[in-house]
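The values are calculated or read from the model by the stated rules, or taken from the named source; none is laboratory data. Please read these numbers as outputs of a predicted model, since none were measured by experiment. Backbone-built Cβ (ideal geometry, glycine too); neighbour counts: all protein chains shown. When the accessible area is computed, the model is the full protein with side chains, heavy atoms only, and any ligands, DNA or RNA have been set aside. Shrake-Rupley method; radii C 1.70, N 1.55, O 1.52, S 1.80 Å.
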Amino acid sequence: MGEIKVSPDYNWFRSTVPLKKIIVDDDDSKIWSLYDAGPRNIRCPLIFLPPVSGTADVFFRQILALTGWGYRVIALQYPVYWDHLEFCDGFRKLLDHLQLDKVHLFGASLGGFLAQKFAEYTHKSPRVHSLILCNSFSDTSIFNQTWTANSFWLMPSFMLKKIVLGNFSSGPVDPMMADAIDFMVDRLESLGQSELASRLTLNCQNSYVEPHKIRDIPVTIMDVFDQSALSTEAKEEMYKLYPNARRAHLKTGGNFPYLCRSAEVNLYVQIHLLQFHGTKYAAIDPSMVSAEELEVQKGNLGISQEEQ
């Protein structure tokens, strides 16, 4: 059994943060699952969007740490949506339901692509105040799967899982990364055929981000220097698309740094959110700021060179 699944942290998280299920579409089968933790008076929280293989709880280490610092954090799991427009419309309805006008989005891989598409979709009436894009991409054609995107819905579950597992690291990894992969494989096993097929469709359906629509949004690009599912070309494309973005580089972390390098990821998230402290778009309880800022600045000394 995976170490993470039986860890005290994960069990504490599951026993203290309830999983909510919300329906916002006319179709009752489209259910959003989410963990909403931290002070409810915060009206511009940080929302985490998972990768193809992920469920909302893959961000439990971010939820535990950041809510401890006074942030309001929401981690989501998507319903079955088959195209980007349908996803964006559903996500907008979810934010309306939660009475959130603007939010900060942290998206991992597919989650990052969907975060960019949502920012683009709402650019005339902005709902996204900032973006943190972790191991993400801006154009689905990098996967060379656009021609199969329309047939995922026909494939049995085991074939879909095989496609996803093909992107997981297969070489030697350190114990923490091995635990993260085990945990993600376990999460993958919990997804049904339609959930997986729809996410792979969103991941590979021919689409790209239109940067001129979201160029005014503060962005942090977080990526790893070791082996991940993203090619160097895809990373370079992101840097070109967001020339003014902050860069948060992790020397190692593979596909799932939020699990195996959570302390670094959490620090970079705090550094990103620091710029909004004292504004109405702060994701943190104002009474918690001074202590939290001091702690971040201490940690920041060690990695401020890398971030720039």
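Just add up the charged neighbours of Leu259: K/R +1, D/E -1, any other residue whose Cβ is under 13 Å from the Cβ of Leu259. Working shown, then result.
Numbers: positive: Lys5, Arg61, Arg187, Arg261; negative: Glu3, Asp9, Asp57, Asp174, Asp179, Asp182, Asp186, Glu264.
Counting the neighbours of Leu259, the net charge comes to -4.
Over all directions, what mean area does the Cα convex hull of the range 140-274 project, stated in square nanometres?
Details: hull surface 36.5 nm².
Dividing the Cα hull surface by four gives the mean projection, 9.1 nm².
Probe radius 1.4 Å, ligands and nucleic acids ignored: give me the carbon and sulfur share of the accessible area of the range 2-305 as a rounded percent.
On the way: 6870 of 12900 Å².
Heavy-atom surface of the range 2-305 belonging to carbon and sulfur, 1.4 Å probe: 53 percent.
If you wrap a convex hull around the C-alpha atoms of the range 1-49 and split its volume per residue, what is the figure in Å³? Don't skip to the answer; put the middle values down first.
Working: hull volume 6.4 nm³, N = 49.
Cα-based convex hull of the range 1-49, divided per residue, equals 130 Å³.
For Leu196, what charge total do you get from the other residues with a beta carbon under 12 Å from its beta carbon, if Lys and Arg give +1 and Asp and Glu give -1?
Numbers: positive: Lys161, Lys162, Arg187, Arg199; negative: Glu189, Glu195.
Neighbourhood net charge equals +2.
Identify the chymotrypsin sites (Phe, Trp or Tyr not before Pro) of the range 202-260 meeting these criteria: DSSP loop state and at most 15 other C-beta atoms within 10 Å of the C-beta. Don't skip to the answer; put the middle values down first.
Numbers: sites: Tyr208, Phe225, Tyr239, Tyr258; in loops: Phe225.
Answer in residue order: Phe225.
How much accessible area per residue does the range 160-205 have, in Å², with a 1.4 Å probe?
Working: 1880 Å² over 46 residues.
Accessible area per residue, the range 160-205: 41 Å².
Just going by the charge dipole of the chain, with Lys and Arg at +1 and Asp and Glu at -1 on Cβ, which of Pro18, Leu94, Ala248 is farthest out on the positive end?
Of Pro18, Leu94, Ala248, it is Leu94.
Is it possible to state the helix-based mean residue ellipticity at 222 nm for the chain, with each DSSP H run of 4+ residues giving -39500 (n - 2.57), the sum divided by total residues, to the nearest 500 deg cm²/dmol? What is it? Can you show the working numbers first?
On the way: 11 runs with 126 residues, N = 308.
Value at 222 nm, helices only, nearest 500: -12500 deg cm²/dmol.
Could you list the trypsin sites (Lys or Arg not before Pro) in the range 169-224 that lie in coil according to DSSP, counting only those with at most 15 other Cβ atoms within 10 Å of their Cβ?
Details: sites: Arg187, Arg199, Lys213, Arg215; in loops: Arg215.
Sites meeting the loop and neighbour criteria: Arg215.
Please report how far the C-alpha centroid of the range 77-122 lies from that of the range 176-226, rounded to the nearest whole angstrom.
Each part's Cα centre sits 13 Å from the other's.
Summing +1 for each Lys or Arg and -1 for each Asp or Glu, what net charge is found among the other residues whose Cβ lies under 15 Å from the Cβ of Asp25? Write down the numbers at each step before the final one.
Values: positive: Lys21, Lys30, Arg92, Lys93; negative: Asp26, Asp27, Asp28, Asp83, Glu86, Asp89, Asp96.
Residues close to Asp25 contribute a combined charge of -3.
Structure shown: which of Lys117/Lys235; Lys30/Lys124; Lys21/Lys117 lie over 19 Å apart, alpha-carbon to alpha-carbon? If you can, show how the numbers build up before the last one.
Working: Lys117/Lys235 17 Å; Lys30/Lys124 26 Å; Lys21/Lys117 23 Å.
Correct reply: Lys30/Lys124; Lys21/Lys117.
Just the projected area, averaged over all directions, of the convex hull on the alpha carbon atoms of the range 128-220: how many nm²? Walk me through the numbers before you get to the answer.
On the way: hull surface 30.8 nm².
Directional mean of the projected Cα hull area for the range 128-220 stands at 7.7 nm².
Ranked from highest to lowest mean number of other Cβ atoms within 10 Å per residue, what is the order of the peptides 124-133, 262-271, 278-287? It would help to have the intermediate numbers written out before the result.
Details: 124-133: 18.9, 262-271: 21.7, 278-287: 16.2.
Ranking, from highest mean packing down: 262-271, 124-133, 278-287.
For the range 19-139, restrict the atom set to alpha-carbon positions and state the Rg and Dmax in Å.
Over the range 19-139's Cα set, Rg and Dmax evaluate to 13.2, 38 Å.
For the range 134-153 and the range 1-58, write down the distance between their C-alpha centroids in whole Å.
The range 134-153 and the range 1-58 have Cα centres separated by 25 Å.
What are the extents of the Cα atoms of the range 102-180 along their three principal axes, in Å, largest first?
For the range 102-180, the Cα extents along the three principal axes come out at 43, 36, 20 Å.
May I have the extent of the alpha carbons of the chain along their three principal axes, as whole Å values ordered from largest to smallest?
53, 45, 42
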